[in-house]
Structures are given as structure tokens and as C-alpha cells.
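The structure under discussion appears below in the form of C-alpha cells.
The values are calculated or read from the model by the stated rules, or taken from the named source; none is laboratory data. Please read these numbers as outputs of a predicted model, since none were measured by experiment. Here the Cβ is made from the backbone with ideal geometry for all residues, glycine too, and neighbour counts use every protein chain on show.
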Amino acid sequence: MTIESIVNAILGVVWSPYLVVLCLLTGLYFSVRTRFIQLRALPDMLRLMFHHERSDAGVSPFQALSLSLSSRVGVGNIAGVAMAIAFGGPGAVFWMWIVAFLGASSAFIESTLAQIYKDRDAKGQYRGGPAYYIEKGLGQRWYAVLFAVVTVMAGAMLAGTQSNAITSAVNEAWDVPVMTTTAVLLVVLGAILVGGVRRIARVAEWVVPLMAVAYLLVAALVMVLNAEKVPEVIMLVLRSAFGVDAAFGAMIGTAIQWGVRRGVLSNEAGMGSGAHPAAAAEVSHPVKQGLVQSFSVYIDTLVVCSATAFLILSTGLYNVYDPAVNGIPDEARLLLGNLPGVEAGPRFVQHAVESALPGFGRSFVALAILPFAFTTILALYYMAETNVSYLCRDRPSWWVMGGFQLLFLAATGYSALNSATVAWSLGDIGVGMMSWLNIIAILLLQKPALVALRDYEAQRRKQRDPLFNPQQLGLRNTRTWEG
């Protein structure tokens with residue numbers, strides 16, 4: 001058996017239809033329980049994004065949002081969307097939208113829980129995430145340790161998808177050897193990682209908004225140039241999503257699976273990764289950061305992913321493969337193909353922009369992927385580092401942290417040098433394992449988040465700036481908030 005076949009076998013178990021259904025139903029359940037907080041609280045989300053509460057222990061809500069968006073807005077928004085279309089058809093885009101809308105409520109619950117149960121590390125800085133709220137809220141240390149171990153591994157796996165996309169896009173645009181790009185990437189990455197969460201947050205605070213705006217402006221320009229095709233693209237997505245389109249009629253199940261899988265990989269709602277930067281924020285009430293993180297799901301999927309989808313579909317430069325045929329090369333099982341010999345991923349987007357803006361597209365997408373992917377690697381490192389810190393009771397020795405940094409860099413470099421198929425499959429396994437563990441945890445531990453939401457809304461109705469007092473609400477193991 002090859003490494004690729006082993007990885008695909010594990011992927012088939014982790015990303016079974018049961019996980020797809022679990023992601024969708026959990027988002028629907030929390031939407032109902034919160035009375036669709038993702039719609040009701042939109043004004044509050046926009047207002048809270050730019051609050052500047054900060055302390056020596058925590059970063060500002062906007063920095064926490066930027067760090068979270070660093071993880072959410074990455075290669076998944078470019079290469080991930082292209083792969084969803086390639087293997088799930090255009091209808092996969094619709095299911096990405098659905099998982100984003102429903103998942104925003106899951107993101108609210110997990111991020112609010114992360115704030116409620118956050119802790120301080122040996123340096124006095126806030127740490128938190130699923131491992132912390134599983135132990136403190138559920139009282140299950142073994143489950144928390146399991147999540148932490150899985151997340152450390154998943155962080156390295158997911159970082160590999162980002163580094164692989166960087167080397168692939170740079171090679172396509174400028175024919176730079178993969179080895180050279182990998183070496184430069186690891187040197188720059190190592191220099192930033194040693195600076196800790198504050199350095200990572202400062203980089204993310206500036207880079208994420210700039211790269212997102214630049215990418216969206218180019219996407220808007222391409223869509224203007226193809227304006228007459230936009231209504232046709234919307235109808236194609238909707239027809240394909242429900243199996244009505246003649247070319248993709250048999251792909252409805254595949255469209256749902258790929259839409260949910262790529263949607264969760266992109267916006268990370270329910271996966272638990274966004275809870276880590278959420279816990280690092282300095283806020284007066286946990287719900288504030290829960291709302292900010294909920295809005296980040298919209299930015300990621302409904303804005304950035306949609307821009308990529310319209311770029312690809314409006315230019316027609318993509319391939320779609322028959323899901324019923326396996327064991328032969330992709331080109332031999334094409335349902336629709338305008339890019340023969342081009343691997344699904346960032347190259348789809350490069351060809352799409354190049355067709356509309358000749359001489360510019362390949363280089364621009366490569367330049368967009370560099371900061372997108374790089375800041376995502378930083379956020380994934382922070383997520384994994386937080387769980388290493390948790391496993392060491394927030395007092396990791398220098399050699400443990402140094403050894404972890406070297407292993408993280410090694411894993412990032414390994415995937416950068418390997419095929420995109422293996423890198424993305426490993427990333428999907430990491431997302432799936434985290435999602436299984438975290439969704440079960442937040443379903444069992446939803447009450448404190450819902451209690452905090454009622455308290456926040458009661459104080460807002462009295463026109464107060466909400467303050468969190470866990471003792472008054474009957475919540476335990478919230479030492480960081482006490483006093």
C-alpha cells in the first residue's frame with residue numbers, strides 16, 4: 001500500500017456522511033437555540049469588531065478577530081473552493097454557504113465557551129480553547145487531553161496544505177523551484193514563531209485586512225468584466241446543488257459532502273480552532289468575542305469564498321470529475337473539463353484571473369496566496385502551541401516548546417515538498433478529527449454559553465455595557481473572571 005492509499009482510507013473513515021450530517025444538524029440546532037443569533041446580532045457584531053479593549057494579558061477583539069481570520073481566510077478560500085468545484089461540482093458552493101450560515105451559530109457557542117473558561121499561562125497571558133472548556137466545563141481531563149493531542153497533530157497537517165499551496169502557486173507563476181520556496185518559507189516562519197502570540201497577532205492585524213481587500217477588489221474587477229455571466233453562474237450553482245442541472249444531476253450527494261468538507265475547512269465553524277484566538281481577547285463579557293468570531297465565518301465564506309467561486313465559474317476555467325469513477329487518472333473521468341492536465345487547486349484560480357487579465361492573473365493569485373497561506377500557518381501554529389501549553393499545564397519548558405517548533409516546521413516543509421493530493425487529504429483528516437471531538441463537546445456543554453447569552457442580552461436591554469459575573473450566573477471553574 002502507498003502512503004496516499006493509506007491516507008485516503010483514513011480520510012474515508014473520518015469524513016464519513018455521519019460527520020457531514022453532524023456538522024449541518026449541529027449548526028441548525030444552535031441556530032434555533034440561540035434564536036438565530038447570527039442574524040439578530042449583526043449590528044452588535046459590526047460594533048464590537050472595532051472595540052479596543054486590551055491588557056497585558058490579552059489582545060484586542062480586533063486582533064483576536066484578525067488572528068482568527070488568519071486561520072479561516074487561507075488557501076481554503078482559493079484552492080479549497082477550486083477543489084470543491086472539481087470534485088463536487090458547482091453545487092458544492094451552495095452547500096458551503098449553508099454550512100457557513102448555520103456554522104456561525106456553532107462558532108458563537110465555541111468562542112463564548114472559550115472566553116468563559118479561559119486561563120492564564122506562566123507569562124500571565126490568556127490561553128483557552130476546547131481543551132480548556134472540556135476539562136473545566138465537562139470535568140473530563142482525558143477527553144481534553146485527547147483533543148489537545150489531536151489538535152497538535154492537526155495543526156501540523158493543516159499547515160502542510162498551506163505551505164503546499166504556496167510552493168505550487170509560486171512555481172506556476174514564476175517557475176521558482178519548490179525546494180527554494182520551502183527553504184525561504186521556513187526561515188521567515190521560524191523568525192516570527194519565536195515572538196509568541198503578540199507578534200503573530202500584530203502581523204495578522206495588518207496583513208489579513210490588506211490581503212483580503214486586495215483579493216476582493218481583483219475578484220470584483222473580473223466579475224465586472226464578466227458581468228453578463230453572473231446571473232448564469234448563480235443559477236448554475238443552485239441547479240447543481242439540488243441535482244437539477246443535467247450535467248451534474250447525479251452529484252447532489254457529492255456536492256453536499258464536498259461543500260460541507262471544504263466549508264468547514266475554510267471557515268472552521270464547529271471545528272474548535274477559532275476558539276483558541278477567541279480566548280486570547282480582552283473583553284468585559286464572553287459573548288462579545290463570541291459575536292465577533294461568529295461574524296468572521298461570514299467574512300470567510302460568504303465573502304471571500306464566494307469571490308473565488310464566481311472567479312472560477314464565470315470564466316469557465318475549471319474541471320469537474322465523475323465521483324462514480326475511481327482508480328483511473330483524473331483526466332480520464334472528466335465530466336466537464338476546460339483545463340486539461342491542470343491539477344485542481346490554486347492553478348484553477350490562476351488560469352481564471354489570467355483569462356480576464358492577461359499577464360497578471362498567475363502572478364496576482366500567487367501573491368494573494370502567499371499572505372493568505374502564511375498568516376494561516378501562523379494561526380495554526382498558535383492553535384497547536386496553545387494545546388502544547390495545555391498539556392504542560394500552561395508551563396511548558398523551553399526545550400518542549402523549542403522541540404515542538406522544530407517539529408511544526410518540519411511537518412510544514414514535508415507537505416510543501418509533496419503532492420497536493422496527500423497534503424490536502426492530511427489536512428482534511430485533521431479537520432475531521434477536531435470536528436468530531438469538538439462538536440460532541442459543545443453539544444454537551446452548551447448551557448454556560450446560552451446562560452451567558454441571556455445575561456448579555458438582559459444587560460443590553462438595560463442599555464449597559466455588559467459585564468460578566470460568573471458567580472451570579474452559577475457558573476463554576478471560571479477563575480480568570482473571578483475578582
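Remarks
Results for (1) crowded, with 24+ Cβ neighbours inside 10 Å; (2) among the hydroxyl-bearing types (Ser, Thr, Tyr); (3) not in a helix (DSSP H, G or I), shown as yes or no for each residue.
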| residue | (1), (2), (3) |
| --- | --- |
| 135 | no, no, no |
| 143 | no, yes, no |
| 150 | no, no, no |
| 153 | no, no, no |
| 162 | yes, no, no |
| 182 | no, yes, no |
| 185 | no, no, no |
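- Residue within the stretch 139-152 that is among the hydrophobic types (A, V, I, L, M, F, W, C), within 21 Å of residue 418 (Cα to Cα) and modelled with pLDDT of 90 or more present: yes
- Residue, farthest from residue 435 (Cα to Cα), within the stretch 89-131, restricted to residues that are among the basic types (Lys, Arg) and in a loop (DSSP other than H, G, I, E, B): 123
- Members of the stretch 283-308 that are among the hydroxyl-bearing types (Ser, Thr, Tyr) and within 28 Å of residue 473 (Cβ to Cβ): 284, 294, 296
- Sole residue being more than 14 Å from residue 286 (Cβ to Cβ), out of contact with any Cys (no Cβ under 8 Å at 6 or more places or on another chain) and surrounded by fewer than 22 Cβ atoms within 10 Å (Cβ to Cβ), chosen from 443, 467: 443
- Among the residues of the stretch 348-367, those identified as crowded, with 24+ Cβ neighbours inside 10 Å and either free of Cβ contacts under 8 Å to residues at least 12 places away in the same chain or under 21 Å from residue 416 (Cβ atoms) (or both) are 348, 349, 350, 365.
- Residue match in the stretch 33-45 (condition: touching a Leu at 6+ places or on another chain (Cβ under 6 Å), surrounded by 17 or more Cβ atoms within 10 Å (Cβ to Cβ) and not small (Gly, Ala, Ser)): yes
- Any hit, the stretch 404-419, residues being farther than 24 Å from residue 193 by Cβ and either touching a residue at least 12 places away in the same chain (Cβ under 8 Å) or not in a helix (DSSP H, G or I) (or both): yes
- The stretch 1-55, residues that are within 20 Å of the chain's Cα centre (by Cα), outside any helix (DSSP H, G or I) and farther than 20 Å from residue 285 by Cα: 15, 16
- Looking only at the stretch 277-329, and only at residues there that are charged (D, E, K, R) and either in a helix (DSSP H, G or I) or touching a residue at least 60 places away in the same chain (Cβ under 8 Å) (or both), the one that is nearest to residue 380 (Cα to Cα): 300
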